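Structure, as structure tokens:
The values are calculated or read from the model by the stated rules, or taken from the named source; none is laboratory data. For clarity, every value in this text was computed on a predicted model and none was experimentally measured. For neighbour counting, all protein chains shown are included, and Cβ atoms are generated from backbone atoms with ideal geometry for every residue, glycine included. For the accessible areas, the whole protein counts, side chains as well, though only heavy atoms, and no ligand, DNA or RNA atoms are used. Shrake-Rupley method; radii C 1.70, N 1.55, O 1.52, S 1.80 Å.
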Amino acid sequence: MDSDDGRSWSDPRSRIEDRQRIGARIGVSAVISGLLLVAFREQFVAVWPLLWPPMEPYGQWSTLVLLHLLGIVALPAAVGSRIGDRLYDRYT
């Protein structure tokens with residue numbers, strides 16, 4: 001849609017579709033993260049005492065935290081976004 005001053009506005013239906021697509025991405029990412037937590041729960045439980053409470057040196061502690069966040073949040077989010085888009089396009 002174009003307004004009188006030349007700006008274009010997005011169609012409200014496309015915003016709803018965008019929300020549904022984002023919901024599919026988040027849902028699939030959460031499922032993948034959950035599966036990883038279940039699959040590697042023994043390793044996660046073994047490392048938990050190293051993660052909390054924070055210990056000295058903080059550089060070592062922050063590296064461990066970032067590695068776990070990368071493995072449990074960032075990578076599943078990337079893969080889940082891709083799979084969520086494919087599933088959304090296929091079933092809608």
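Residue count for region 1-21 satisfying the condition of being modelled with pLDDT of 70 or more, of a type in the set (S, T, Y) and open to solvent by 60 Å² or more (accessible area, probe 1.4 Å): 1. When region 22-43 is limited to residues that are open to solvent by 70 Å² or more (accessible area, probe 1.4 Å) and within 20 Å of D85 (Cβ to Cβ), the one that is nearest to the chain's Cα centre (by Cα) turns out to be I26. Got at least one residue in region 51-59 being without any contact (Cβ under 8 Å) to a residue 24 or more places away in the chain, assigned to a helix (DSSP H, G or I) and either charged (D, E, K, R) or out of contact with any helix residue (DSSP H, G or I) (no Cβ under 9 Å at 6 or more places or on another chain) (or both)? Yes, region 51-59 contains a residue that is without any contact (Cβ under 8 Å) to a residue 24 or more places away in the chain, assigned to a helix (DSSP H, G or I) and either charged (D, E, K, R) or out of contact with any helix residue (DSSP H, G or I) (no Cβ under 9 Å at 6 or more places or on another chain) (or both).
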